[in-house]
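What follows is calculated from the coordinates using simple rules that are stated; it is not laboratory data. In this text, all values refer to a predicted model and were calculated from it rather than measured experimentally. All Cβ positions, even for glycine, are placed from backbone atoms using ideal geometry, and neighbour counts span all protein chains on display.
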Amino acid sequence: MTPSEKADSFEQAQQDERWMHYAMALAARAEGIGEIPVGAVLVLGDEVVGEGWNRSISTHDACAHAEIMAIRAAGVRLANYRLLDTTLYVTLEPCCMCAGALIHSRVKRVVFGARDLKTGAAGSVFEILQDPRHNHRVTLTGGVLAEACSAQLSAFFKRRRAEKKAARQALQQSGGPAV
Ligand SMILES: [Zn+2]
């Protein structure tokens, strides 16, 4: 690596972290409405062209993942379903559905935070994004602010478990559900 390439990659790493913080703020919006906190932002150059956060429960839509919402917003904004030269930043590794949508929309680069060891389609479980049989290649970077993104998700699940436990206890104390 030449010194200028090194400087470029350092600059890119800093930019990646900056946008991942932005995606985390979008994930917090999902959490605010009781959804699993995942956030995604699509960037063209240095401009936001689409944002999304998980909204499956509130919109009764299994497809309303953060990435899909960001892709839809960017398509409307750019008046083109092909989101050429864009980079998607998402706090959690995309699933199979989102990986497929990212290929169809020709997103150039995908940067994700935490790995999803149950349904990740960028290498953790499936390799949809990297599959050479697609006619579109996505550049992939994983693990950006991985710990922070993962902590955001764990905190949410921990809180939800505690809330459920408290609700169960309250029910038991009140003598159980009326039958
Ligand atoms: Zn997804």
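Some notes on this structure:
- For the peptides 59-70, 160-171, the ranking by mean Cβ contacts within 10 Å, running from highest to lowest, is 59-70, 160-171.
- C63-H136 FRET efficiency (beta carbon distance; Förster radius 22 Å; 0.05 resolution): 0.60
- Beta bridges per DSSP with both ends in segment 65-179, % antiparallel, nearest 5: 10 percent
- The chain - mean residue ellipticity at 222 nm from DSSP helices (-39,500 (n - 2.57) per run, n ≥ 4, rounded to 500): -15500 deg cm²/dmol
- Theoretical FRET efficiency, 1/(1+(r/R0)^6), r = Cβ-Cβ of S9 and V125, R0 35 Å, to 0.05: 0.80
- By the rule of a C-alpha distance below 21 Å, with chain neighbours fewer than 8 residues away ignored, the lysines paired with K118 are K158.
- Hz values of 3J(HN,Hα) by residue in segment 143-160 - Karplus curve (6.51, -1.76, 1.60), Gly and Pro given as x: x, 7, 6, 4, 5, 5, 5, 5, 5, 4, 5, 4, 4, 5, 5, 5, 5, 5
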